[in-house]
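Derivation of every value follows stated rules applied to the coordinates shown; laboratory data play no part. Since this is a predicted model, take the numbers as computed values, not measurements. We place every Cβ from the backbone using ideal geometry, glycine too, and count neighbours over all the protein chains shown.
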Amino acid sequence: MYGVVVFLEKSFDTVNPGAIQVSVSAHHSTQKPSAETPLRDDARERLLVIADLLAKALDTTVKIPGTSISIGLDPLLGLIPGIGDALVNLIGTIILGLAARVRVPRIVLARMSLNLLINGVVGAIPIAGDLFSVWFQSNTRNATLLRAAAMKPDRETRPDWLYVGGIVGGTVALMLLAIAVIVWAVATLWSVIAL
């Protein structure tokens, strides 16, 4: 099987520190990667570096002078009505793909997905959603979760379960509350009309 592998690497060159290098290599492999085949440490680290670079580009590229606040492409592209938030979340799913490639626990993937969902839903609110994206930084959270899960595969996942359970439980509670308010409003209107 032939394939092309693209890696982004941070350069430690003294002439241009912090530069990003792109290396492309063609490889021939007779072996198909399986779910049981663990990634080599250097391949895993490269994927983690790519996740960190994406998170930095989306969430913390530019520091606002005179403050400790950094913004990235997420809130800036979010200002474009309709397509901005969709585009940012699409780019953010690359980190989810990297997490699947590194084979983090599924509950961590669920938590990362919820972070993107929260950012996408709240981010859709004009202006306030973009301010929320500056604060929430879902991609940075996801890159941090990915690195923690990749570096300690046997780490405790209880906090992830609590987070996902809390979000799902809170969503169900809000839906039930909304249904109760609608039923109450309809019953009130019905009693007013029936008089």
Using only Cα atoms, locate the centre of region 41-80 and the centre of region 165-195, then give the distance between them in Å, rounded to an integer. 40 Å
Anisotropy class of region 44-181 from Cα gyration tensor, a/c 1.5 cut: oblate
Which ³J(HN,Hα) values in Hz, rounded to whole numbers, follow from the phi angles of region 180-188 under the Karplus curve 6.51 cos²θ - 1.76 cosθ + 1.60, where θ = phi - 60° and Gly and Pro get x? 4, 5, 5, 4, 4, 5, 5, 5, 5
What nm value, rounded to one decimal, do you get for the distance between TRP190 and LYS152 when each label is placed 7 Å out toward the C-beta? 5.4 nm
Interchain or long-range residues, amide H under 5 Å from SER70's placed H: ILE64
Sorted by mean Cβ packing within 10 Å, highest first, what order do the peptides 183-190, 72-79, 94-101 take? 72-79, 94-101, 183-190
Hey, what do the phi angles of region 108-114 turn into as Karplus ³J(HN,Hα) couplings, whole Hz, using 6.51/-1.76/1.60 and θ = phi - 60°, x for Gly and Pro? 5, 4, 5, 5, 5, 5, 5
